[in-house]
Amino acid sequence: MKASTFMLLLAVMLLAISHICVVAEDREQQVKKTYIIHMDKSQMPASFEDDHFQWYDSSLKSVSNSADMLYTYRTIIHGFSTRLTAEEAELLEKQPGILSVLPERKYELHTTRTPEFLGLGKSEAFLPASDKVSQVIVGVVDTGVWPELKSYDDTGLAAVPSSWKGSCEVGTNFSSSSCNRKLIGARYFSKGYEAALGPIDEKTESKSPRDDDGHGTHTSSTATGSAVPGASLFSYASGTARGMAPQARVATYKACWLGGCFGSDITAAMEKAVEDGVNVLSLSIGGSQSDYYRDTVAIGAFSAAAQGILVSCSAGNGGPDSGSLSNVAPWITTVGAGTLDRDFPAFVSLGNEKKYRGISLYRGTPLSSGLLPLVYARNASTSSTGELCSPESLIPAKVAGKIVVCDRGGTPRVRKSLVVKKAGGLGMILANTDTYGEELVADAYLLPTAAVGQKAGDAIKSYIASGSNPTATIALGDTELDVQPSPVVASFSSRGPNLITPEILKPDLIAPGVNILAGWTGAVGPTGLAEDKRRVTFNIISGTSMSCPHVSGLAALVMAAHPEWSPAAIKSALMTTSYTTYKTGETIKDIATGNPATPFDYGAGHVDPVAALDPGLVYDAAVEDYLSFLCALNYTTTQIKLTTHKDFTCDSSKKYSLRDLNYPSFAVPLETASGKGGGSGASTTVKYTRTLTNVGTPATYKVSVSSQTPSVKITVEPESLSFSQAYEKKTYTVTFVASSSPSGTTSFGRLEWSDGKHTVGSPIAFSWE
């Protein structure tokens, strides 16, 4: 080839490459990316009359006629976010009043927060291998399942465990192909429901395992959901959603319907779950307290525990009232609710320039710019309880075009927003009363809403009462992380003491149960209201229903690591490693009071799953221990059989004591001055016996005790326990000598065994009767 020809070809090639580069660069210039624009509000032209939203829009339209604002910001920054080409971004940055135009950064969120908050994301090396976890089956008795969700994706899972005997029942909108290697079983139980309320209307409810409510999908995906990247509710709590034991299998037992959960269906569901071979049984349901032999869940749970199944139940949402617990049988793991370190802020700005922080999951058309008229629902209703914003209670002429303040209580929170919307209101401020204090629960409202605590609510209502033309506006924020203090005990979480058996401390522990993101049904919107036509795959809701499956999933992890452990040993590991203080040393707070919480609120403390995998020692218990417990309750042979499904007669020559049940916590009822041996100088002496099993390496443990009150002296015998081999057992006795105190007095203490590496902690609750 001649040199001239080569040079010509080279020139052509370089020209072609140059053209390609120019085209590529031009395409790059035309590709839109998300930018966050920071505005200098002080430079806003007077022509916008403090309408910064119009200013933002005008600035944006000056460089792009097609771009829309994704978000507007008014609290932590002033500005907005939008999609722009590189050229448009460069032009916008030159506009007056623009502080910066920053390309959006991509953040790697590994979770929707709960696993990270619990320490699972940082401690994968300590977790059991996935093949071991995949052998554990969690059964969930609830409202069914929405099987199409990615939370039930079985990618990477091996064959279903050979021990599994369950099936995938076919019914309305549910086929055998709805199950897979993740969702390995699904059944439904409706006979009791239909007997009570008539045949199921299959136009509104699926007579099958399909979940028409959302609750069951949320709980089962919380316990065992597969990892789902990009999960969120309207961009809130975005990240990778996964359950506590994402490699575990799940089976669902639909025993709860739109009209409620009936005992006969629950019993059938629990029975079938035991027969099918579940290893953990999760029930986020409860009822009124009753003797164990009358309690459907307690009865079913005993049989399950007797076959090695750990049963986890919600404590109930009756808090902050004392003695409001459900599911208090000692063979049940009873779970209360705490918060995460995550928040969804909303902001109320009043015409008097006062601002208040609240919470909201509303994600729709924001309020128009500027302040709007503000009215208290009590002043815009003909009802004597108009402040509660009950259906049809508001006078449209008095709320149209206004922000309405509604008191929390009575009508469900999200329905209040619908009531306001139907009456013509533009926004709602949901104000806590003294019943709810400062507890804030997030909801996906149907119009711009901020839920505020009692103090803020009272201040807003005082502002309305003091002025002739009160005004306000509501601005919505985004997800905030690392909110402190956290956790705090949720106000709604049911509290002790245990009214059925005061000698058993309940709840057992708390876990995340406030504003939890998990899978959701496709049958209803995030509010569950018929009028809510939105559909989501994940939803954020709260309750001890949410905390229960957290513990169910965590129990599956412990079971996978230690398959030889009994349900009682697993529960002990979860309880004795729970924490009761923040890193600062302060006691976990109760949001209902703002004061330090107590064992009647959090039981043994907040679950710490990584520590539970290596507890050092456990308080084990078997069927025989629970039978002795029932004998100590003076149960008859018939009552014992009703409870346990076993023929057992108490030994009349044996002295049974409730104090000797090998439980990981201590509840100590004491006599008052008017009790036996009364008198101001009288004292009561009680003894509790416990046995510890070594599940770690050989070690010597020393005991320490603390008490809030000098009225009780605590001694432990012996003060040290030496273990030379695995599964060796050692027994100790705790003696409480208590001075008399007035009836109704409570106080608390703590007992800990430590070998320098492990701390085996037990709460103590004293109550004078």
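Ignoring everything but the protein chains, give the 1.4 Å probe accessible area of Met270 in square angstrom, nearest 10.
Rounded to the nearest 10, the figure is 0 Å².
Restricting the calculation to Cα positions, tell me the Rg (one decimal) and the Dmax (whole number) of the range 459-609 in Å.
According to the Cα coordinates of the range 459-609, Rg and Dmax are 19.9, 71 Å.
So what's the gap between the Cα centers of the range 694-734 and the range 131-203, to the nearest angstrom?
If you average the Cα positions of each part, the centres end up 44 Å apart.
Would you calculate the separation in nanometres between label points at Thr735 and Lys354, each defined as 7 Å from the Cα along the Cα-to-beta-carbon direction?
5.9 nm
Separation between the His38 and Asp458 pseudo-spin-labels, each 7 Å from Cα along Cα→Cβ, expressed in nm?
Label-label distance for His38 and Asp458, simple model: 3.9 nm.
Give the distance, in whole Å, between the Cα centre of the range 234-309 and the Cα centre of the range 543-559.
11 Å
Apply the Kirkwood formula to the range 345-476: the hydrodynamic radius equals the inverse of the mean of 1/r over all pairs of different alpha-carbon atoms; give it in Å with one decimal.
14.0 Å
Do you know the relative contact order of the range 491-650, to the nearest whole percent, from alpha carbon pairs under 8 angstrom that are 6+ apart?
Reported as a whole number, the value is 24 percent.
From largest accessible area down, sort Asp211, Asp201; use a 1.4 Å probe on the protein chains.
Asp201, Asp211
Please give every one of the lysines within straight-line cross-link reach of Lys654, meaning a C-alpha to C-alpha distance under 18 Å, and leave out same-chain neighbours fewer than 8 residues apart.
Correct list for Lys654: Lys687.
From the Cα gyration tensor of the range 600-712, with a ≥ b ≥ c the square roots of its eigenvalues, which class applies: rounded if a/c is under 1.5, or else prolate if a/b is larger than b/c, or else oblate?
Oblate is the answer for the range 600-712, as a/c is 1.5 or above yet b/c matches or exceeds a/b.
With a cut-off of 8 Å between alpha carbons and a minimum separation of six or more residues, what is the relative contact order of the chain in percent?
For the chain, the relative contact order is 12 percent.
Amide H of Val489: which non-local residues (sequence gap of 5 or more, or other chain) have their own amide H closer than 5 Å, using H built in the peptide plane?
Under 5 Å from the amide H of Val489 lie the amide H atoms of Lys589, Asp590, Ile591, each far enough along the sequence or on another chain.
Taking the alpha-carbon distance from Lys533 and a cut-off under 13 Å, which aspartates and glutamates remain once sequence neighbours fewer than 8 residues away in the same chain are dropped?
Excluding near neighbours in sequence, the set is empty.
For a distance above 46 Å, tell me the whole-number percent of Cα pairs in the chain that qualify.
In whole percent, the share of Cα-Cα pairs in the chain beyond 46 Å is 30.
Note down the relative contact order for the range 33-102 as a percent, whole number, built from C-alpha pairs under 8 angstrom at least six residues apart.
Relative contact order for the range 33-102 comes out at 48 percent.
With runs of 4+ DSSP H residues as the only contributors, calculate the mean residue ellipticity of the chain at 222 nm using -39,500 (n - 2.57) per run, divided by the residue total and rounded to the nearest 500.
Mean residue ellipticity at 222 nm (helix-derived): -6500 deg cm²/dmol.
Using alpha carbons only, how many degrees (0 to 90, rounded to 10) separate the axis of helix 544-561 from the longest principal axis of the chain?
70 degrees
Are there trypsin sites (Lys or Arg not before Pro) in the range 341-436 that DSSP marks as loop and that have at most 15 other Cβ atoms within 10 Å, and which are they?
Lys354
Please go through the residue pairs Lys421/Lys461; Lys61/Lys398; Lys203/Lys254 and name each one whose alpha carbons sit more than 26 Å apart in this structure.
From Lys421/Lys461; Lys61/Lys398; Lys203/Lys254, over 26 Å: Lys61/Lys398.
Compute the angle between helix 296-306 and the longest alpha-carbon principal axis of the chain, please, reported from 0 to 90 degrees and rounded to the nearest 10.
Helix 296-306 sits roughly 80 degrees off the main axis of the chain.
Rolling a 1.4 angstrom probe over the protein heavy atoms, how many square angstrom per residue are accessible across the range 345-476?
Each residue of the range 345-476 exposes 40 Å² on average to a 1.4 Å probe.
To two decimal places, what compactness ratio does the range 293-402 give when its Cα radius of gyration is scaled by 2.2 N^0.38 Å?
For the range 293-402, the normalised Cα radius of gyration comes out at 1.75.
With angles folded into 0 to 90 degrees, how steeply does helix 3-30 sit against the dominant principal axis of the chain? Use alpha carbons for both and round to 10.
Rounded to the nearest ten degrees, it is 60.
Given a 1.4 Å probe and every protein chain left where it sits, what share in percent of the accessible area of the chain is carbon and sulfur?
52 percent
Please arrange Cys406, Cys261 by accessible surface area, largest first, computed with a 1.4 Å probe and ligands excluded.
Cys261, Cys406
Work out the length of the dipole vector of the range 643-769 about its Cα centre, built from +1 on the beta-carbon of each Lys and Arg and -1 on the beta-carbon of each Asp and Glu, and round it to the nearest 20 debye.
For the range 643-769, the charge dipole is close to 60 debye.
Taking a probe of 1.4 angstrom, what is the accessible area of Thr733 in Å², to the nearest 10?
For Thr733, solvent-accessible area is about 40 Å².
Starting from the Cα gyration tensor of the range 33-102, take the square roots of the eigenvalues, sort them a ≥ b ≥ c, and report rounded, prolate or oblate (rounded when a/c is under 1.5, otherwise prolate if a/b is larger than b/c, else oblate).
The shape class here is prolate.
Could you go through the range 134-145 in sequence order and give the Karplus-derived ³J(HN,Hα) for each residue, using 6.51 cos²θ - 1.76 cosθ + 1.60 with θ = phi - 60°, rounded to whole Hz, and x for Gly and Pro?
Going residue by residue, I get 5, 8, 9, 10, 9, x, 10, 8, 6, 9, x, 8 Hz, with x marking Gly and Pro.
What aspartates and glutamates sit close enough to Lys757 to cross-link, taking a C-alpha to C-alpha distance under 17 Å and skipping anything fewer than 8 places away on the same chain?
Straight-line reach from Lys757, under 17 Å: Asp608, Asp614.
Need the full-extension length gain, Ser47 to Leu258, defined as separation in residues times 0.36 nm minus the C-alpha distance. One decimal, nm.
My answer for the length gained is 70.5 nm.
Which distance in Å, rounded to a whole number, links the C-alpha centroids of the range 609-670 and the range 424-479?
49 Å
The values are calculated or read from the model by the stated rules, or taken from the named source; none is laboratory data. Everything numeric here is computed off the predicted structure, so don't read it as measured data. Cβ coordinates were reconstructed from backbone atoms using ideal geometry, including for glycine residues, and neighbour counts include every protein chain displayed. Heavy atoms of the whole protein, side chains included, go into the accessibility calculation; ligands, DNA and RNA do not. Shrake-Rupley method; radii C 1.70, N 1.55, O 1.52, S 1.80 Å.
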